[in-house]
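Beneath this line is the structure, given in structure tokens, with notes to follow.
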Amino acid sequence: MFDKSEYLSEPILKENYEYRFVLTIGSETQEFVFYTKLNPFYTTKKRVKQTLPFVFKEIPESYLDLLIYENSKLAYEIANEDLKSELDKENVPSIIERYTRLKTQVDIITDIAIDYGLKTGSAEKILGDFKISYEVKTPDLEKLLKRLERELEYLERAITNKIIALTATRAGAIEYPFSGRADF
């Protein structure tokens, strides 16, 4: 007889866990993996992807979730005490969201650059009378990565309170331009 009480000692799933469900029927075994809610999670996958959708469309959702989670933890660790107290509230300060989003994008683009870096160079193939050649370079990816890393460094200094983060006026605002502020 199946005694479910030994399996239901904890009625809810814990946050920040990876659960594996293995189902064996006869000689076949199926394994299912899922993650519970990751906390902290200071940005959304949509915000990460919207900057460069063509780059991020191939990234697995679970990998993106884990990167956002890890970078959210990092943002909390480096934040000054004022920001940490605000993180305990419902709304995340925009500078923390920006840092987490940008750090996640830099991590993904770095992975892509390393992958392409291994494939750079040129190759040639001759098939009878046809000659096929190609050359792979990643200067645009390198420029983008350098620009994002500079912005990330700036945000990191702002989070640790070494500088004050700049903001821009909200586009389309009709009131006094400095009364409505939004991050850029």
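Bear in mind these aren't lab numbers, they're just calculated from the coordinates by the rules spelled out. Worth saying up front: this structure is predicted, and the values here are computed from it rather than measured. All Cβ positions, glycine included, derive from the backbone under ideal geometry; neighbour counts span all protein chains shown.
Figures for the structure shown
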quantity: Karplus (6.51, -1.76, 1.60) ³J(HN,Hα), θ = phi - 60°, over region 34-39, in Hz, Gly and Pro reported as x; calculated: 8, 10, 7, 3, 8, 9
quantity: Other-chain or far-sequence residues with amide H under 5 Å of residue 42's (modelled H); calculated: 72
quantity: Spin-label model distance (nm) - residue 132 vs residue 46, 7 Å beyond Cα toward Cβ; calculated: 4.1
quantity: Residue 62-residue 160 pseudo-label distance in nm [points 7 Å out on the Cα-to-Cβ vector]; calculated: 3.4
